[in-house]
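Engineer: After the structure tokens below, expect a handful of questions from me.
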Amino acid sequence: MYLYEAIRQVLEANGNVPMRIEDIANAINQRGLFVTDARKVGWRAVGDIAKSTAPQFEVLIRLRN
């Protein structure tokens, strides 16, 4: 399984609601779908934009208070 498939499975299982990158990584690891960390999930989520291909994920970036 590829990382983008694991991310998609976690998001779909949670009702496609916004999730923190850390929570996505934890859910992927707990389910044994893929061995990953928050950094890898974040890079995968925004990597399509850097390659100028159609993005598969919407990424919301906001400042912490």
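Bear in mind these aren't lab numbers, they're just calculated from the coordinates by the rules spelled out. The structure displayed is predicted, hence computed values, not measured ones. Cβ coordinates were reconstructed from backbone atoms using ideal geometry, including for glycine residues, and neighbour counts include every protein chain displayed.
Engineer: Would you work out the charge dipole size for the chain about its Cα centre, treating the Cβ of every Lys and Arg as +1 and the Cβ of every Asp and Glu as -1, and quote it to the nearest 20 debye?
Structural biologist: Its charge dipole is roughly 180 debye.
Engineer: If you don't mind, another one. Here are a few candidate values for Cα extents along the principal axes in Å: (1) 36, 22, 20; (2) 32, 30, 22; (3) 33, 33, 18. Which one was actually calculated from the structure I just gave you?
Structural biologist: Working out Cα extents along the principal axes in Å from the coordinates points to (2).
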